[in-house]
Amino acid sequence: MKLYNTLSKTVEEFIPFEEGKVKMYTCGPTVYNYAHIGNLRTYIFEDVLQKGLEFLGYDVKRAMNITDVGHLTSDSDTGNDKMLEGAKREGKDVMEIAQFYTNAFLDDMRSLNIKVPEIIMKATDCIPTYIEMIEKLLKDDYAYISGGNVYFDISKAKDYYKLSGKNPDELRIGVRDSVEEDVAKRNPADFVLWFTVSKFENQILKWDSPWGVGYPGWHIECSAISYKTLGEYLDIHCGGVDNIFPHHTNEIAQSEAFLGHKWCNYWCHGAHLNDASGKMSKSKGEFLRLALLKEKGYSPLDYRYFCLNSHYRNSLVFTYDSLDIAKNALAKLRNKVLSLDTSMVVETEKMVSYINKFKESFENDINTSMMLTVLYDVLKAKDINDTTKFSIVKEFDKVLSLDLCVAEKETISEDFEREILAKIEERKQAKANKDFVKADSIRDELLSLGVKLIDSREGTSYELI
Ligand code: AMP
Ligand code: ZN
């Protein structure tokens, strides 16, 4: 398996710490708003990476954070608190906002056939680990207290700029552009580990700590969640390219200072999806999300297919024309697969060479467009029968996850979806009031309409049956 590693800036042979096992960490969403389709492109690339590794036989353990505290509008600890912005915008409290957008995120993941990571942890569930890490960083002199907050001192980190390749001069330009400068920092690039001095009067989420009542900085969250759930060594860490600096740079600095050794060997970053006007961003107000594509008659898997056509390290411009092309191509592909005669005998030995070609394309730094080419080659092949073709496509779809072997999933109208979500909320209230009879009757009512509720730690989602 060859993977491009942002750390070495080269394509490298992938060798995990433990043979046959992969520990993978993928940065998750800040749940103050819906995900835009750019975010979803990154999650699709990470999903293909996980499933491809599993297809090669690796046992993959993957973790993801849900950021529900500590992320400010600028990644370098300035600006407004994103969660408070979300709460203000919608006149709700922060926890309601977090729960609502966590559910929305999980729904997007499911409709794109993205496997939800086996470990998903909310930032607010990890406070003792932040405190444990920050105490050690202070004790070992990697961190300092100034103006009431705890900061990481980047001058103490070994080769702080190794991931980004950025030099301090370039950084200074960034700092000059920044709207505010924190005078309590020793170095402008130092970052907050723990805030006790909040500039937000209505800061609701606060915890006791050895440094006073406060809340964690954003960067420490991923380091701590990774340490707590995956241990001291990590094989792969992913995110979008915007995470390289400062987020992942800071994660490396604090994790390696805390652990006392190298932490993660492979850093994989997905290039951005842009719209015609440039970078896609939530702060622009209106932004493209999956629900809008659904409203316009596209299926989420049309979008997944659109993403798989280009390499994850190439930036991609979203246009409806390209999505139309993807939609038509996927429909034709699915028709072709579904029209295969599946009553013949599978030529198992002949499957191997096609499956190997597919694996080789994946092993070539996740070359998804080549993986699709191998799929088309299978459908055109003259040396295998239809049933064998169907079996191969079924195998490939374990990674591509385009539902190639099933008729298109039933979709529902926006109104019906709203009705279901309202019922889920009503059931949640009933449960909170210990009215379990009502809660069960809502569940049964939805079931009779073909909607099955799925309860998990993150809340309730649904699937159509
Ligand atoms: P956020 O919710 O903004 O923290 O971002 C969630 C994930 O999406 C992160 O891994 C980001 O790096 C990634 N991301 C942000 N913007 C884009 C974009 N335009 N295209 C692709 N990925 C993005
Ligand atoms: Zn992160």
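The values are calculated or read from the model by the stated rules, or taken from the named source; none is laboratory data. Here the structure is a predicted model, which means the values were calculated and not measured. Methodologically, a virtual Cβ is constructed for each residue, glycine included, from the backbone with ideal geometry; neighbour enumeration extends over all protein chains shown.
Details
- Residue within region 325-342 that is buried (at least 16 other Cβ atoms within 10 Å of the Cβ) and touching a strand residue (DSSP E or B) at 6+ places or on another chain (Cβ under 8 Å) present: no
- Filter pass, ALA123 being in contact with a helix residue (DSSP H, G or I) (Cβ under 8 Å, 6 or more places away or on another chain), surrounded by 19 or more Cβ atoms within 10 Å (Cβ to Cβ) and not charged (D, E, K, R): yes
- ASN39 being part of a helix (DSSP H, G or I) and not assigned by TED's automatic domain parsing to the domain that holds LEU293: yes
- Within region 28-70, the set of residues being in contact with a helix residue (DSSP H, G or I) (Cβ under 8 Å, 6 or more places away or on another chain), within 16 Å of ligand 2 (Cβ to nearest atom) and among the charged types (D, E, K, R) comprises ARG62, ASP68.
- Taking the listed residues LYS82, LYS92, the one that is modelled with pLDDT under 90 and within 16 Å of ligand 2 (Cβ to nearest atom) is LYS82, with no other qualifying.
- Residues within region 296-324 that are within 27 Å of ASP365 (Cα to Cα) and touching a helix residue (DSSP H, G or I) at 6+ places or on another chain (Cβ under 8 Å), tallied: 17
- Residues of region 426-465 classified as under 28 Å from ASN113 (Cα atoms) and of a type in the set (Phe, Trp, Tyr), total: 1
- Meets criteria (of a type in the set (Phe, Trp, Tyr), under 26 Å from ASP455 (Cα atoms), outside any helix (DSSP H, G or I) and away from ligand 2 (no atom under 16 Å from the Cβ)) for TYR25: no
- Failed item in (1) surrounded by 14 or more Cβ atoms within 10 Å (Cβ to Cβ); (2) under 25 Å from the mean Cα position of the chain (by Cα), with ILE454 passing the rest: (1)
- SER255 meets each of the listed conditions (1) surrounded by fewer than 24 Cβ atoms within 10 Å (Cβ to Cβ); (2) free of Cβ contacts under 8 Å to residues at least 60 places away in the same chain apart from (1).
- Hits in region 5-38 - residues which are within 29 Å of ASP159 (Cα to Cα) and within 16 Å of ligand 1 (Cβ to nearest atom): THR6, MET24, TYR25, THR26, CYS27, GLY28, PRO29, THR30
- The requirement of being surrounded by fewer than 18 Cβ atoms within 10 Å (Cβ to Cβ), farther than 15 Å from HIS36 by Cα and within 13 Å of ligand 1 (Cβ to nearest atom) is satisfied by SER310.
- Looking at region 366-465, the helices (runs of 4 or more DSSP H) lying wholly inside it that each contain 3 or more residues that are touching a Leu at 6+ places or on another chain (Cβ under 9 Å), within 30 Å of MET121 (Cα to Cα) and outside the structural domain of TYR303 (by TED's automatic domain parsing) sit at 414-432, 436-448.
- Test for TYR266: is it over 18 Å from THR30 (Cβ atoms), within 16 Å of ligand 2 (Cβ to nearest atom), in contact (Cβ under 8 Å) with a residue 60 or more places away in the chain and out of contact with any Ser or Thr (no Cβ under 7 Å at 6 or more places or on another chain): yes
- Residue, farthest from ligand 1 (Cβ to nearest atom), within region 228-242, restricted to residues that are at negative phi and surrounded by fewer than 22 Cβ atoms within 10 Å (Cβ to Cβ): GLU232
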